[in-house]
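Quick note: the coordinates plus some simple rules give every number you see, no bench work behind them. Model, not experiment: these values are computed from the prediction. Here the Cβ positions follow ideal geometry from the backbone for every residue, glycine too, while neighbour counts run over all protein chains shown.
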């Protein structure tokens with residue numbers, strides 16, 4: 001089973017660029033397979049940081065988690081990842097997603113809109129794969145446009161494409177197109193996760209793909225430390241995000257109504273009191289990266305925390321991760337979403353977490369479909 005650590009950088013993230021490159025070195029040294037770099041606007045640049053991490057390592061795969069189709073010209077994305085593949089001997093992975101939340105940058109020609117995300121993802125995949133194969137991409141797709149020019153060099157190495165999604169329609173597209181289908185679930189309900197995996201397998205079959213022709217990654221929010229209390233208190237921030245996503249309460253209208261951009265069905269396993277959902281939504285801004293107040297944090301008890309994160313001491317986290325992996329035999333990799341730590345202790349705490357992930361030998365050695 002392949003193990004990935006991420007998000008570097010993320011919202012409210014503390015380590016600087018050099019420290020993140022050092023964390024990539026640590027990940028490689030302890031046996032982690034992949035390192036996920038976020039593409040948040042106006043944080044450390046994704047492709048620059050990915051290149052630095054690739055140059056600082058020799059076996060570690062580095063992936064964007066995730067790049068949207070809208071923020072960068074598709075042919076320039078293709079060129080950037082081909083360059084990283086050439087530099088690294090094929091260790092760069094293009095991770096694509098529609099992007100979450102309200103658009104926070106104005107991008108021509110869409111302005112603040114982000115139209116037809118599935119069509120845009122398909123267009124980006126078409127442009128990239130066409131150019132990597134030496135061809136000229138289409139000038140105009142359904143959403144995206146390109147220069148229509150081919151690369152003037154050959155990367156010499158394939159660039160795997162990862163498509164990350166929470167919604168079923170985007171997961172179906174990933175099952176049709178991606179080398180790595182990334183189930184970016186914020187919820188760890190056993191039946192819910194199994195249903196997502198089954199949906200991916202059915203969609204792949206409908207698209208004429210066999211189950212051994214792509215990988216399936218699963219997001220697990222992980223906060224692990226020898227300091228158990230620290231790990232669990234830190235995990236509450238991630239759990240709060242998951243609560244709002246799964247309750248369809250990501251933002252509040254002036255009328256007071258809690259609404260979501262996705263409006264998906266809340267799973268039967270979801271068990272969070274309405275009063276807790278209301279408090280998180282009204283007293284905390286999930287898009288800003290701000291800390292939880294003590295009052296809101298206290299409402300995220302052990303029962304709520306366990307629905308969204310694996311958090312605690314190394315031994316208990318190892319056992320729970322093994323339970324999740326063994327219950328989902330078609331999942332080929334776990335992506336650990338580490339907490340967004342800030343301040344002077346952010347780097348040493350994240351380093352400790354990555355080193356602990358590297359000690360999960362039983363998890364790494366689980367045999368999965370080739």
In degrees, nearest 10, range 0 to 90: what is the angle between the Cα axis of helix 17-30 and the longest Cα principal axis of the chain?
-> 90 degrees
Measure nothing fancy, just the Cα-based angle from helix 228-246's long axis to the longest principal axis of the chain, in degrees from 0 to 90, nearest 10.
-> 70 degrees
What is the calculated FRET efficiency for residue 226 to residue 202, with r their C-beta to C-beta distance and R₀ = 45 Å, to the nearest 0.05?
-> 0.60
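Checking the a/c ratio against 1.5 first, then a/b against b/c, what shape does the Cα gyration tensor give for segment 123-197? The partial results should precede the final answer.
Working: a/c = 4.15, a/b = 2.23, b/c = 1.86.
The shape class here is prolate.
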Dividing the convex hull volume of the alpha carbon atoms of segment 30-100 by its residue count, what do you get in Å³ per residue?
-> 86 Å³
Over its Cα atoms, what ratio of radius of gyration to 2.2 N^0.38 Å does segment 179-236 give?
-> 1.50
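Give the shape of segment 82-146 as rounded, prolate or oblate, defined through the alpha-carbon gyration tensor: a ≥ b ≥ c are the square roots of its eigenvalues, a/c under 1.5 means rounded, and otherwise the shape is prolate if a/b is larger than b/c and oblate if not. Display every interim value, and only then the final one.
On the way: a/c = 2.45, a/b = 1.51, b/c = 1.62.
Oblate, since a/c reaches 1.5 and b/c is not below a/b.
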Kindly rank 294-304, 53-63 from highest to lowest mean number of other beta carbons found within 10 Å of each residue.
-> 53-63, 294-304
Just need the Rg to Rh number for segment 139-241, please, alpha carbons only, Kirkwood Rh.
-> 1.11
On full extension of the chain, what length is gained from residue 316 through residue 73, given 0.36 nm per residue of separation minus the C-alpha to C-alpha distance?
-> 83.0 nm
Longest principal axis of the chain (C-alpha) makes with the long axis of helix 168-177 (C-alpha) an angle, in degrees to the nearest 10, of 40 degrees
Between the modelled labels at residue 366 and residue 294 (7 Å from Cα along Cα→Cβ) the distance in nm is 3.9 nm
Given labels modelled 7 Å from the Cα in the Cβ direction, how far is it in nm from residue 306 to residue 323?
-> 0.6 nm
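Report the equivalent ellipsoid semi-axes for segment 1-139 in whole Å, largest first, defined as the square roots of five times the eigenvalues of the gyration tensor built from alpha carbon atoms.
Details: eigenvalues 131, 72, 28 Å².
Semi-axes (√(5λ), whole Å): 26, 19, 12.
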Which FRET efficiency value, to the nearest 0.05, is calculated for residue 58 and residue 359 with the Förster distance at 25 angstrom and r the Cβ-Cβ distance?
-> 0.75
Sorted from largest down, what three extents in whole angstroms do the Cα atoms of segment 276-325 have along their principal axes?
-> 36, 20, 17
Please state the Cα pair-distance histogram of the chain with 10 angstrom bins from zero: what percent is in each bin?
-> 5, 24, 35, 26, 8, 1
By Cβ neighbour count within 10 Å, fewest first, 293, 281 rank 293, 281
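Assuming R0 = 30 Å, can you tell me the calculated FRET efficiency for the pair residue 147 and residue 43, based on Cβ-Cβ distance, to the nearest 0.05? Write out the running numbers ahead of the final one.
Details: r = 27 Å, r/R0 = 0.92.
With R0 = 30 Å, the Cβ-Cβ based efficiency is 0.65.
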